[in-house]
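Data block below; observations after.
The values are calculated or read from the model by the stated rules, or taken from the named source; none is laboratory data. A quick note: this is a predicted structure, and the numbers were derived from the prediction, not measured. Don't worry about glycine lacking a Cβ; one is built from the backbone with ideal geometry, like all the others, and counts go over all protein chains shown. Keep in mind that these areas ignore ligands, DNA and RNA; they rest on the heavy atoms of the full protein, side chains included. Shrake-Rupley method; radii C 1.70, N 1.55, O 1.52, S 1.80 Å.
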Amino acid sequence: MIRPLALAAALLGLLALGGCAFNHGVTLNNPPPASKTAFLKGRAFTVGKVTVAPDARPVHETVYHCLPDPMYAKMMKYNIELAFQRAGLTQGKGPAVPVNFEITLRTFKENGFSEGLGATGLRGYLTFAGFRVHMNLRGVGVANDKYYDNTGPYWTRQEDILPAMAAAITAGIKGVQHGKSFYRNLDFFGSDNVGGYFGDAGTFTHHIVTLPYPMTVKEYEQITGKSAAQLAAICKARIAGK
């Protein structure tokens with residue numbers, strides 16, 4: 001039976017940068033309780049397959065999703081792998097437990113509302129050790145704030161939401177590794193870790209992950225093997241329907 005856990009009632013601050021929090025509302029469906037994941041306490045975890053479902057991109061919004069799906073999958077995997085490494089998830093008893101993630105819906109628009117487009121969002125299925133968790137992350141914010149708005153080139157519109165999802169995934173798995181429930185570290189009302197998953201110290205004291213945020217052009221080039229100019233050209237051609 002699907003067990004919904006709505007954490008978006010209060011904004012979940014997953015990112016800290018320069019003392020400012022980037023807030024995301026996250027909703028989890030069917031997160032396993034600690035009683036069922038207890039056998040994974042102390043285990044090492046590794047990133048397995050990261051994919052994009054064929055129908056993940058809204059067809060009427062090609063302009064905001066103008067890179068090939070494999071590139072988005074590589075970006076997502078890069079962020080999760082980096083987060084796992086920095087959170088110490090790869091260290092533990094073996095064999096390592098593979099963690100897979102499939103992006104099922106993405107709306108890479110912006111994170112504020114200055115363009116009238118609504119918020120960026122990302123949904124997907126996280127699977128590990130026979131468990132399957134549906135994760136829905138939604139970026140929200142205020143217009144004209146550089147930490148919220150995402151109004152750069154179309155091929156960079158996922159620069160905030162992918163690291164944020166990687167942080168949410170990592171926080172959940174970290175809870176499992178510590179013998180807690182998957183959603184323990186993501187619970188706004190019950191966790192003192194909320195707000196400090198990555199970024200500099202800022203006003204937060206608890207940090208699980210430190211990731212570059214937002215993603216940099218250098219990262220895009222490293223992950224895709226394409227230059228910024230080439231990525232822009234790919235994006236332009238796909239928007240034109242070529």
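Suppose we filter GLY141, GLY241, GLY172 for residues that are modelled with pLDDT of 55 or more and either surrounded by 15 or more Cβ atoms within 10 Å (Cβ to Cβ) or among the basic types (Lys, Arg) (or both); which single one remains?
Details: GLY141 fails: modelled with pLDDT of 55 or more; GLY241 fails: either surrounded by 15 or more Cβ atoms within 10 Å (Cβ to Cβ) or among the basic types (Lys, Arg) (or both).
Residue meeting the stated conditions: GLY172.
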Among the candidates LYS77, LYS93, single out the residue that is under 30 Å from PRO153 (Cβ atoms), open to solvent by 50 Å² or more (accessible area, probe 1.4 Å) and at pLDDT 90 or above.
LYS77
Quick test of your reading of the structure: GLY48 fulfils all but one of (1) at pLDDT 85 or above; (2) open to solvent by less than 10 Å² (accessible area, probe 1.4 Å). Name the failing condition by number.
(2)
